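Novice: The structure under discussion is supplied below as C-alpha cells; questions concerning it will follow.
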Amino acid sequence: MEILLTNPTMTAQEAKDLGIVNRVVPDADLLDAAMALATELANGPPMAQAAVKRLLRQGKAMPVEACFTEEARNVAEPSGTADAREGLASMIERRPPTFSGR
C-alpha cells in the first residue's frame, strides 16, 4: 500500500527485491531477454496459458475456496487433450514440446 500511495522512485533491483518485477537484465541485454521470454511464451501450451489468465481474472472476484475448485477443474479439464499428451511425451522423450492448442 505504501508504494501505491507514495509512488517512490526505485531502481530495477529494488523493484525485483520487492517482487514487483521478476528479473533484471542489463540494458544491453534487454531486447534479447524480452525476445527470449516472448519465444518461450509463444512456444508454450496455449490452452494452459489461457486457463491461467482466466483463473487470474476470475479469482479477483471469488472467495479463496472457490478459486481452489476452479483451479482443480482447470487442471483436470485439459488432461486428455493433444497438448497434454504432447507435454508428457516430450518429457519422456527429453525433447522440447510442440503444442498445437488442441
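The values are calculated or read from the model by the stated rules, or taken from the named source; none is laboratory data. Model, not experiment: these values are computed from the prediction. Cβ coordinates were reconstructed from backbone atoms using ideal geometry, including for glycine residues, and neighbour counts include every protein chain displayed.
Novice: Go through region 37-58 residue by residue and tally those that are loosely packed, with under 11 Cβ neighbours inside 10 Å and either in contact with an Asp or Glu (Cβ under 8 Å, 6 or more places away or on another chain) or closer than 23 Å to T98 by Cβ (or both).
Specialist: Qualifying residue count, region 37-58: 6.
Novice: Let me spell it out: the conditions are (1) under 30 Å from A76 (Cα atoms); (2) in contact (Cβ under 8 Å) with a residue 12 or more places away in the chain, and A38 meets all of them except one. Which number is the exception?
Specialist: All conditions are met except number (2).
Novice: Only one of A34, A61, A28 is out of contact with any helix residue (DSSP H, G or I) (no Cβ under 8 Å at 6 or more places or on another chain), loosely packed, with under 14 Cβ neighbours inside 10 Å and part of a loop (DSSP other than H, G, I, E, B); which? Reasoning before the result, please.
Specialist: Working: A34 fails: part of a loop (DSSP other than H, G, I, E, B); A28 fails: part of a loop (DSSP other than H, G, I, E, B).
Exactly one residue qualifies, and that residue is A61.
Novice: Here is a follow-up. State all residues of region 86-102 that are assigned to a helix (DSSP H, G or I) and hydrophobic (A, V, I, L, M, F, W, C); if no residue qualifies, say none. Before the answer, list the steps.
Specialist: The first filter runs over region 86-102 and keeps only residues assigned to a helix (DSSP H, G or I), leaving 86-92.
Within region 86-102, L88, A89, M91, I92 meet the criteria.
Novice: Separate question: Report yes if T9 is of a type in the set (S, T, Y) and not in a loop (DSSP other than H, G, I, E, B), otherwise no.
Specialist: no
Novice: Select from region 64-85 the residues that are surrounded by 14 or more Cβ atoms within 10 Å (Cβ to Cβ) and in a helix (DSSP H, G or I) and write down the one among them that is modelled with the lowest pLDDT. Outline the logic, then answer.
Specialist: To start, the set of residues in region 64-85 that are surrounded by 14 or more Cβ atoms within 10 Å (Cβ to Cβ) comprises 67, 70-71, 74, 78, 81, 83-84.
After this cut, where a residue has to be in a helix (DSSP H, G or I) as well, the list is 67, 70-71, 74, 78, 83-84.
On the way: C67: 86, E70: 86, E71: 86, N74: 82, P78: 79, D83: 91, A84: 90.
Among them, the one singled out is P78.
Novice: Continuing with this model, one more query. Checking the structure you have, find out if any residue of region 75-91 is farther than 30 Å from L4 by Cβ, of a type in the set (D, E) and under 17 Å from the mean Cα position of the chain (by Cα).
Specialist: Narrowing region 75-91 to residues farther than 30 Å from L4 by Cβ: 75-91.
Those left that are additionally of a type in the set (D, E): 77, 83, 86.
Add one more test, that the residue is under 17 Å from the mean Cα position of the chain (by Cα), and what stays is 83.
Yes, some residue in region 75-91 is farther than 30 Å from L4 by Cβ, of a type in the set (D, E) and under 17 Å from the mean Cα position of the chain (by Cα).
Novice: Does region 13-25 hold any residues that are surrounded by 12 or more Cβ atoms within 10 Å (Cβ to Cβ) and in contact with a Lys or Arg (Cβ under 9 Å, 6 or more places away or on another chain), and which are they?
Specialist: K16, V24, listed by residue number.
Novice: Would you mind telling me which numbered condition in (1) at pLDDT below 90; (2) touching a helix residue (DSSP H, G or I) at 6+ places or on another chain (Cβ under 7 Å) P97 fails?
Specialist: (1)
Novice: Could you pull out the residue among A38, A34, A66 that is outside the structural domain of N7 (by TED's automatic domain parsing) and small (G, A, S)?
Specialist: Selected residue: A66, the only one of A38, A34, A66 that is outside the structural domain of N7 (by TED's automatic domain parsing) and small (G, A, S).
Novice: How about region 21-39: which of its residues are more than 21 Å from Q49 (Cα to Cα) and not small (G, A, S)?
Specialist: Correct list: V24, V25, P26, D27, D29, L30, L31, D32.
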